[in-house]
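The values are calculated or read from the model by the stated rules, or taken from the named source; none is laboratory data. Computed from a prediction, not measured in an experiment: that's the story for all the values here. Neighbour counts are summed over all protein chains in view; Cβ atoms, including those assigned to glycine, are modelled from backbone coordinates with ideal geometry. In case anyone asks, the SASA skips ligands and DNA or RNA and just uses the protein heavy atoms, side chains included. Shrake-Rupley method; radii C 1.70, N 1.55, O 1.52, S 1.80 Å.
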Amino acid sequence: QVQLVESGGGLVQAGGSLRLSCAASASMFSILAMGWYRQAPGKQRELVAVITGGGSTNYADSVKGRFTISRDNAKNTVYLQMSSLAPEDTAVYYCNAAFRDSTVWGQGTQVTVSS
């Protein structure tokens, strides 16, 4: 089974930027879509951005124009470039891979935005 490992989280001031990475342990060829989700304390996990195998992307309204999802198939890695970060972006960010009949989650990486 493919494993996902996120990295790139940390503490940043409001207005700053971070780039998250999600490395898959095997080829992403059979992955239908990969997404980034986040979960803030006391809140449900929510979709942030998704990219399909064909490269189509979709974003939550709250991050449109600030976040960009991309993928590098040669490196089996998906990225989330986050700019103009705000305190409300503080959460644990999870990477997700959707296969035809299953999904895989990474362990999560903490992003904290200070005001």
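Worth pointing out:
- Net dipole in debye of the chain [+1 Lys, Arg Cβ; -1 Asp, Glu Cβ; about Cα centre; nearest 20]: 80 debye
- Rounded percent of accessible protein surface that carbon and sulfur make up, the chain, 1.4 Å probe: 48 percent
- Sorting the Cα pairs of region 1-81 by distance into bins of 10 Å, from 0 upward, gives 17, 50, 29, 4 percent per bin.
- Residue-span extension gain [Trp105 to Ala60] - 0.36 nm each, minus C-alpha spacing: 14.3 nm
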